1. If you take the beta carbon distance between residue 220 and residue 145 as r and set R0 to 30 Å, what does 1/(1 + (r/R0)^6) give as a FRET efficiency, to the nearest 0.05?
2. Calculate the FRET efficiency for residue 262 and residue 292 from the Cβ-Cβ distance with a Förster distance of 35 Å, rounded to the nearest 0.05.
3. How much length is gained on full extension from residue 24 to residue 278, taking 0.36 nm per residue of separation minus their Cα-Cα distance?
4. All other residues with a Cβ under 12 Å from the Cβ of residue 213 taken together, and with Lys, Arg as +1 and Asp, Glu as -1, what is their net charge?
5. I want to make sure I understand the PRE zone here: with the label point 7 angstrom from the Cα of residue 227 toward its beta carbon, which residues in region 174-208 have backbone N atoms less than 15 Å away?
Amino acid sequence: LGRRPAASAEPGPAATAGASPRAAYRHPTELRATLEEPGLLAEAARQKEQGNEMLANGLLDAATQCYLTALWFLRRGSPTYPKALNLQVAPAGEAAASLLGGGRVSPDQPTLGRLSRLIVLLRGGGGGGSGGRGGGDGLDGEAAEALRVALHLNVAAVALRREDWYLAAAACRWVTERQPANAKALYRLGVAQEGRGDSPGALRSLAACVKAEPQNREARRLFEQLRDEAEQRRSLYSGIGGRSGFGGSDAPPPPPPGPEREDELTQRIRALLEKEAKEENEKLRAQADAEAREASGMPPTAREEAMQKARQGAGGEALLK
């Protein structure tokens, strides 16, 4: 880690008042071993102020590291300093979200060892508890919890500027789990959810923010904007579905009124059949007439002969061309 989270950093914008210009850098692990609960609370507050200065100067990675380091100083027990905070680039996403909170360390997490306990005893610390720390407001008191909440809100603020939606949402949820009506947490959670494409979730968070803080104009403006956009999308999709038949019945459209119009091939076939039927009828009539004349001894007339020749040479091919 660079000089940002140091307890006695060299001169710079975040140096404490009255610090020696040649103060040596001390790693947070080494510094923590020398501090009791009031000192841990004070160092966490100093890291927070240093992070605020970094954020004001646009140093987003440095601000993130300061805020996460401050949270580490507020952790109960004797936690190991995270490797992710020793890097030049601040952690992001799930890696950074794993550093949030301030609960007691798990039994299998490494501690600072005998050196930490020995230093505390030499400084007059009592036994028992977490590394012999006890008394005062402590890391379980209201001041420490208020500082944790402020640090999580600051982590969310810088994460939003880094467009780290996952970290911002995780930090805000940590706050809302403890303070469901915290307007800042609800607003920043809504912005993070919208950044992740979760518009319904953003609307719920912003609605809760406006309910908790009706005078919050920015939250109300963003809520109304997202609500109007959602309504426009619903109207657009509804119009597209109506024009394309999406969501409608699968039944075919009703037939047009009146008789159905025949196509050209059907018309030709029907004409051919009608012609054949007509010719068959004429043939039957001619045959009947011929039989009647033969019976009476009359010869066939010239008209009948012409009709017989016409019938023999007639065909329906022309109708199918």
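1. Given R0 = 30 Å and the Cβ-Cβ separation, E is 0.55.
2. Rounded to the nearest 0.05, the efficiency is 0.30.
3. Full extension from residue 24 to residue 278 adds 79.3 nm.
4. That sum, taken over residues with Cβ under 12 Å, equals +3.
5. 200-208
Just so you know, all these numbers are worked out from the coordinates, no wet-lab data involved. Owing to the predicted nature of the structure, the values given are computational and were not obtained by experimental measurement. Cβ: placed from backbone, ideal geometry, glycine included. Neighbour counts: every protein chain shown.
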